[in-house]
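Engineer: Here you go, one structure.
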Amino acid sequence: MTGSSDSSTARSVERLHLGCGNEILPGWINHDLVPLPGVDVVHDLHDYPWPFEDGRFAEVRMYHVLEHLEDPVRVIEELHRILAPGGILRVRVPYWNSPDWATDPTHRTAFNEYSFDYFDPETYQGRERPYYSSARFSIRSKIYWIKPAIVYLPVRRRTLQLLLSALARHIGGIIWVIEWELVALPKATPP
C-alpha cells in the first residue's frame, strides 16, 4: 500500500449490521443484543448513546429491529449520528396491518409507507413538521414486500405500490413488510 492512511477515511467505509441475530454478514460489524456466534458488538439499543463514533459508518442495515424499540425518533437520530454524511441506511419493518406485525408480542411501533417522510425535507410531512427531529434523510427508495404464498416478493414499481397502498388501507395482509433505503443528509438546524 502506498501513501498515507487516514483513519477517518478508513472508518467511512465501515458497514454496521444492527440486530443481526444469526445472520452474520462478512465484512460488516455485526451487532446484537445477545452474544451469538459471530456478533462483534453486544449492546442494548435502548442504552444511549450507542457505542459508535459520530459519522463512523458508510452504511447501516437494520432489518426487523426498529419495531422492537421504544422510541423510534430517538433511534433514527442515533442512526443519523453514526452515519457519515451521504451514508446509506437500510431499514426493513413489518407493515402496520400485516400478520407479521400482529404476531410478535415484542413489537412496539407500527410503520406504514409514510413513516419516514417526517425525516425527508422533500416530503410534505418533512416540510410541515421539521421540528419532530433534526435528523434528515433523503428517501432513495421504498420496497413493499408481499407474501402471496409462503415466499416474500419485493414490489418496486411505483404504480403497483400505489395500488397496494390503497388496498392495504382497508384490507390487512396486502403489504407484509416495507423497506426503505435512506441517505443521511447534514443535520438540520432547529427552526
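Read-outs throughout are calculated quantities, based only on the coordinates presented, and are distinct from any laboratory measurement. Keep in mind it's a predicted model, so treat the numbers as computed, not measured. Quick reminder, even Gly has a Cβ in these numbers, built from the backbone with ideal geometry, and neighbours come from all protein chains shown.
Engineer: Take the conditions surrounded by 11 or more Cβ atoms within 10 Å (Cβ to Cβ), within 27 Å of E70 (Cβ to Cβ), touching a Gly at 6+ places or on another chain (Cβ under 7 Å) and not aromatic (F, W, Y) and apply them to D117. Does it pass?
Structural biologist: Here the answer is yes, as D117 does meet what is asked.
Engineer: Can I ask one more? Would you pick out the residues in region 112-139 that are in a loop (DSSP other than H, G, I, E, B) and either among the charged types (D, E, K, R) or farther than 18 Å from L89 by Cα (or both)?
Structural biologist: E113, D120, E122, R129, R136, listed by residue number.
Conditions (1) under 15 Å from E179 (Cα atoms); (2) among the acidic types (D, E); (3) touching a His at 6+ places or on another chain (Cβ under 8 Å), marked per residue:
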| site | (1), (2), (3) |
| --- | --- |
| R81 | no, no, no |
| A84 | no, no, no |
| Y95 | yes, no, no |
| P99 | no, no, no |
| A110 | yes, no, no |
| D117 | yes, yes, no |
| P121 | no, no, no |
| Y124 | no, no, no |
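Engineer: Which residues, counting only those in region 46-67, are closer than 16 Å to R90 by Cβ and either hydrophobic (A, V, I, L, M, F, W, C) or free of Cβ contacts under 8 Å to residues at least 24 places away in the same chain (or both)? Spell out how you get there, then give the answer.
Structural biologist: First pass over region 46-67, keeping only residues closer than 16 Å to R90 by Cβ: 57-67.
Within region 46-67, F57, A58, V60, M62, V65, L66 qualify.
Engineer: While we're here: Looking at (1) closer than 29 Å to H43 by Cα; (2) crowded, with 18+ Cβ neighbours inside 10 Å; (3) over 15 Å from the mean Cα position of the chain (by Cα), find the lone condition where K187 falls short.
Structural biologist: Exception for K187: condition (2).
Engineer: Hey, among the residues in region 74-92 that are under 9 Å from the mean Cα position of the chain (by Cα) and assigned to a helix (DSSP H, G or I), which one's surrounded by the most Cβ atoms within 10 Å (Cβ to Cβ)?
Structural biologist: Among those that are under 9 Å from the mean Cα position of the chain (by Cα) and assigned to a helix (DSSP H, G or I), it is L79.
Engineer: Name every residue in region 140-191 that is of a type in the set (A, V, I, L, M, F, W, C), more than 13 Å from P99 (Cβ to Cβ) and in a loop (DSSP other than H, G, I, E, B), in order of residue number. Full working, then the answer.
Structural biologist: Going through region 140-191, the residues of a type in the set (A, V, I, L, M, F, W, C) turn out to be 143, 145-146, 149-151, 153, 155, 160, 162-164, 166-168, 171, 174-178, 180, 182-185, 188.
So of that shortlist, the ones also more than 13 Å from P99 (Cβ to Cβ) come out as 143, 149, 151, 153, 155, 160, 162-164, 166-167, 178, 180, 182-185, 188.
Result: A149, V151, L185, A188.
Engineer: A follow-up question, please. Of (1) under 15 Å from the mean Cα position of the chain (by Cα); (2) β-branched (V, I, T); (3) over 21 Å from E14 (Cα atoms), I146 satisfies all except one. Which?
Structural biologist: (1)
Engineer: Quick check on this structure: which one of E53, E67, E113, E78 is among the charged types (D, E, K, R) and in contact with a Phe, Trp or Tyr (Cβ under 6 Å, 6 or more places away or on another chain)? Walk me through how you get there before you give the answer.
Structural biologist: On the way: E53 fails: in contact with a Phe, Trp or Tyr (Cβ under 6 Å, 6 or more places away or on another chain); E67 fails: in contact with a Phe, Trp or Tyr (Cβ under 6 Å, 6 or more places away or on another chain); E113 fails: in contact with a Phe, Trp or Tyr (Cβ under 6 Å, 6 or more places away or on another chain).
Every option except E78 fails the conditions.
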